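Below: one structure, written as structure tokens.
Read-outs throughout are calculated quantities, based only on the coordinates presented, and are distinct from any laboratory measurement. Just so it is clear, the structure is predicted and the values come from calculations on it, not from any experiment. Positions of Cβ are backbone-derived with ideal geometry, glycine not excepted, and every protein chain shown enters the neighbour counts.
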Amino acid sequence: MTEDGGTIEAVVSDFGGVLTTPLMNSFLALQDAHGVSAEHFGEAMRAAAEAGDGENPLFKLERGDIKEAEYLEILREHLEPLLGHRPELHRFREIFFEALDPNEPMIELMRECKASGRRMAMLTNNVQEWEPLWRTMLPVDEIFETVIDSGFVGYRKPERQIYEITLERIGLPASACLFVDDMELNCEAARELGFAAVQYRDAEQAIAEVRAALA
Ligand SMILES: [Mg+2]
């Protein structure tokens, strides 16, 4: 039951950090591979935003407004003054995904939700060029009837439009949907639109909260 006494008919799950192990592992792997600290990556992104229209170029990449190659070029350009050289950043996406594993307890929970008759959607901030890598990590099409991928729909969480596209795809009101995401900002945006939401912190907590919401 939801807070207003309705019934949850659909589960909308994030991908990275919910159905996978923490993304921090990927940033640490990139750090090891390229000798560039997470702090320097962050600083370079801030500098790139300031040099452009103020927005983090990662957000543009996630909306598919720029290509991965363009994003990496921006990153390299703004890392150069911090490092004293322009890093190559070879195999960026491969290193990112090699550091991630499927989060089996959460994938099992999603199977359970589907088996209970719930409609299932995945809503992910992602990158067009990364689709072949993340799709092989879990049985996406077996569990989810639809995938709303920021890289292809042109909006990213927490933008209202991407939640609306999700509701349109599954044909249900927000009040019938449970949203699961590891980012507080994304959960808040979902709640504002009327979704029930569970913020993933660890599998035990999230599984308990999802089961309670569906009970
Ligand atoms: Mg996430």
Counting every Cα pair in the stretch 94-215, what percent are over 24 Å apart? 24
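Considering all alpha-carbon pairs of the stretch 24-97, what whole percent are spaced by more than 18 angstrom? Before the final figure, lay out each step's value.
On the way: 940 of 2701 pairs.
Counting every Cα pair in the stretch 24-97, those more than 18 Å apart make up 35 percent.
Using the scaling law 2.2 N^0.38 Å as the reference, what is the normalised Cα Rg of the chain? Walk me through the numbers on the way to the answer.
Details: Rg = 18.0 Å, N = 215, 2.2 N^0.38 = 16.9 Å.
Rg over 2.2 N^0.38 Å, computed on Cα atoms: 1.06.
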Can you pull the Rg over Rh of the stretch 78-142, Cα-only, Kirkwood? 1.16
Label point at Gln205 placed 7 Å out along Cα→Cβ; residues across the stretch 84-123 whose backbone nitrogen lies under 11 Å: none
Packing-based order for 129-141, 186-198, 166-178, using average beta carbon neighbours within 10 Å, highest first: 186-198, 166-178, 129-141
